[in-house]
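The next block holds one structure in the form of structure tokens; read it before the comments.
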Amino acid sequence: MRKLSIAIDGPAGAGKSSVSKILASRLGYTYLDTGAMYRAVTYEALKKGLTDPAEITAMTKALDMEVKPGMDAMHVIVDGEDVTPFIRTPEVSGHVSEVSAIGGVRTAMVAIQRRQAEKGGIVLDGRDIGTTVLPKADVKIFLTASVHTRALRRFKELEAQHPELSLEDIEADVAKRDYMDSHREISPLKQAEDAILLDNGDLTLEGTAEAMIAICEKKFPGFSK
């Protein structure tokens, strides 16, 4: 059975992380949440009060970062500390696009991600996996949905812990992140020329995973047998 490298890109709130975990589990593959890695860098920069790109780049290069699979999610360990519980706050979400747009940060992260993907049997999700991180990935999928649909998903995730946030606030933030991610100078969010577009606005997470397996099966018949 061939072990594929599967690149899943798409905008914020498209469900990339959730469906990638399901897909990796179904296939017996490793899941690498690249977005969580950038969130970890953002968290560390905020914790240290850094705003200068050069300082954030230097900090990133000095970080001892590793990723480990967990029962519920991939865990990001930075300098011996599991920072996973702290990287999906509204504060981190509000700054991750600008931090991830820093060239030095992306260079450092891409090197780590490529090393993780070398052996195949891996699912990576992010915003530039198919275009920059793994341009020769076996299968590339661009996952998307409307801004409203993606904002509603994020609202449901956050409403219990952050009741002060409104759907309108989150929709504005999602639209802002779309613009920043797609207009950044280095590795902007865009669909790779050979990526398959998948709109999951009307699909469940399980349904989206099924659609992705069908895409892989069409390109590599019998790969999952």
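Read-outs: derived from the displayed coordinates by stated rules, not from any lab. From a predicted model like this one, the values you see are computed outputs, not experimental measurements. Quick reminder, even Gly has a Cβ in these numbers, built from the backbone with ideal geometry, and neighbours come from all protein chains shown.
Details
- From the alpha carbon centroid of region 1-58 to that of region 84-150 is 5 Å.
- Amide proton proximity set for residue 184, modelled H, under 5 Å, gap of 5+: 189
- Full extension of the segment from residue 118 to residue 190, taken as 0.36 nm per residue of separation minus the current Cα-Cα distance, would add 23.6 nm.
- Among beta bridges from DSSP that stay inside the chain, the antiparallel ones total about 25%.
- Hypothetical label at residue 2: residues of region 110-140 whose amide nitrogen lies under 15 Å (7 Å Cα-Cβ projection): 120-122, 136-140
- Rounded, prolate or oblate (a/c below 1.5 giving rounded, otherwise prolate when a/b exceeds b/c) for region 5-217 by Cα gyration tensor: rounded
- Under 19 Å, Cα to Cα: Lys pairs in region 1-152, sequence gap 8 or more or different chains: 14
- Extension gain from residue 68 to residue 82, taking 0.36 nm per residue of separation minus the Cα-Cα distance: 4.1 nm
- Using a simple spin-label model with pseudo-atoms 7 Å out from Cα toward Cβ, residue 175 and residue 204 lie 3.2 nm apart.
- Where GluC sites (Glu not before Pro) fall in DSSP loop in region 111-219, at most 10 other Cβ within 10 Å: 118, 164, 185, 193
- Two-site label geometry, residue 47 and residue 167: point separation in nm, points 7 Å out along Cα→Cβ: 3.5
- Taken one residue at a time, the phi angles of region 91-101 give Karplus couplings (6.51, -1.76, 1.60, θ = phi - 60°) of 5, 5, 4, x, 10, 5, 5, 6, 5, 6, 7 Hz. Gly and Pro are set to x.
- Taking a ≥ b ≥ c as the square roots of the eigenvalues of the Cα gyration tensor, region 32-147 is rounded, since a/c falls below 1.5.
- For the chain, relative contact order (Cα pairs under 8 Å, six or more residues apart, normalised by length) works out to 35 percent.
- Shape of region 137-225, Cα gyration tensor, a/c cut at 1.5: oblate
- Backbone HN-Hα couplings from phi across region 160-169 [Karplus 6.51/-1.76/1.60, Hz, Gly and Pro as x]: 5, 8, 10, x, 6, 7, 9, 4, 5, 4
- Karplus 3J(HN,Hα) series, Hz, for region 4-20 with 6.51 cos²θ - 1.76 cosθ + 1.60 (x for Gly, Pro): 8, 9, 10, 9, 10, 10, x, x, 4, x, 6, x, 4, 5, 4, 6, 5
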